[in-house]
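The values are calculated or read from the model by the stated rules, or taken from the named source; none is laboratory data. Being a predicted model, the structure only gives us computed values, none of them experimental. All Cβ positions, glycine included, derive from the backbone under ideal geometry; neighbour counts span all protein chains shown. For accessibility, only protein heavy atoms count, side chains too; no ligands or nucleic acids. Shrake-Rupley method; radii C 1.70, N 1.55, O 1.52, S 1.80 Å.
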Amino acid sequence: MLQVIRRLSLIAFVALAGLTGQVTTAVTQPNSSPERFEVSAVKTARPFLVDTLAAIQQGNIAQAKEAFDAYDSAWNGIEVYINVRSRALYQVLELELQAKISKALDAPRPDMATLLSDAQTMLAKYDEAIDIVTKPPPLNPIYDELARLRIVRAHLREVNPALKTRNIAKARKSFESFNDKWFDIEDFVRAQSLDAYIVIERGMLAVEDALLMTEKPDVEQVMALVTAVMTPYNAIVGEVQKQARAARP
């Protein structure tokens, strides 16, 4: 009798261990696969629109403008996806709603009701954009490379506008972000053009010395140095954009 009890206990233990293993496997191996880069990249701009809308609802135009500027920078990186997926939706977001909201935020006395309505519409349209990049199959991989270049460049694009308003802290922060993200794409840039890569690298060192390592930067000098980096970088973006257009989406 004692042997039977022991045998039954052993069977129950083995069954429980197997069940536990199945549960653990189910937890550690979720059904959903990681998001494609296109989808995750497009989603990154949405929170800035949410912040813009919240600031408008609070009547805080300065905060809304700051959030919308951040959206514009993020959008510049990923807009290529929307332009390829739906030209009509791209035009609504870029040429209609963004243009109207930017103009209103720059006005001395914006029409708050219209501004709020436009911001709500833009957020809804952006959710449509997320939907149209999520459902279809992936684009040609060259579009991801193009988007990565543009996403990194967005930080560099922020530097000179900040310098024009003498916002040195913002200029430094943006350039540091560009410097950090450059490591993600420098090998791709080098493969595209060694000459451009060398010019960009040397230019970045010059900007670092003039902007980050100097207590009181010479604004005009730094702006010229940033432009000297931007020019070959833009040439690379343009070349990769040609490759993307020549490839099948």
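To the nearest 0.05, what FRET efficiency results for residue 216 and residue 179 with a Förster distance of 22 Å applied to their C-beta separation? Approximately 0.60, to the nearest 0.05.
What dipole magnitude, in Debye to the nearest 20, does region 122-211 give about its Cα centre under +1 on Lys/Arg Cβ and -1 on Asp/Glu Cβ?
That gives region 122-211 a dipole magnitude of about 460 debye.
Summing +1 for each Lys or Arg and -1 for each Asp or Glu among the other residues whose beta-carbon sits under 13 angstrom from that of residue 163 gives +4.
When the solvent-accessible surface of protein heavy atoms is calculated with a 1.4 angstrom probe, in what order do 79, 158, 128 fall, highest first?
128, 158, 79
Placing a label point 7 Å from the Cα of residue 132 along the Cα-to-Cβ line, the residues of region 69-91 whose backbone N sits under 12 Å from it are 80-91. First check a/c for region 128-193, with a ≥ b ≥ c the square roots of the eigenvalues of its C-alpha gyration tensor; if it is under 1.5, answer rounded, and if not, answer prolate when a/b is larger than b/c or oblate otherwise. Oblate shape, in that a/c is at least 1.5 and b/c is the bigger or equal ratio.
Grouping the Cα pair distances of the chain into 5 Å bins from zero gives a pair-distance distribution of 1, 6, 11, 13, 13, 13, 12, 9, 6, 3, 3, 2, 2, 2, 2, 1, 1, 0, 0 percent in increasing distance order.
Working note: 222 nm ellipticity from helices only, DSSP H runs with n ≥ 4, each -39,500 (n - 2.57), summed and divided by the residues of the chain, gives -26500 deg cm²/dmol to the nearest 500. Ignoring aspartates and glutamates fewer than eight residues from residue 216 along the same chain, the ones with Cα atoms less than 14 angstrom from its Cα are 208. Note on the chain: dipole from Cβ charges, positive end direction compared against 95, 44, 171; the farthest Cα belongs to 44.
Using a probe of 1.4 angstrom and keeping all protein chains present, the accessible surface of the chain works out to 58 square angstrom per residue. Here the dipole of the chain is about 720 debye; that uses its Cα centre as origin and unit charges on the Cβ of Lys and Arg (positive) and Asp and Glu (negative).
Given a Förster distance of 30 angstrom, what is the FRET efficiency for residue 50 paired with residue 186, based on the Cβ-Cβ distance and rounded to 0.05? If you can, show how the numbers build up before the last one.
On the way: r = 32 Å, r/R0 = 1.08.
Efficiency, from the Cβ-Cβ distance: 0.40.
For region 52-172, the gyration tensor built on C-alpha atoms gives an oblate shape. Its axis ratio a/c (a ≥ b ≥ c) is at least 1.5, and a/b is not larger than b/c. Solvent-accessible area assigned to carbon and sulfur over the chain amounts to 56 percent, based on a 1.4 Å probe.
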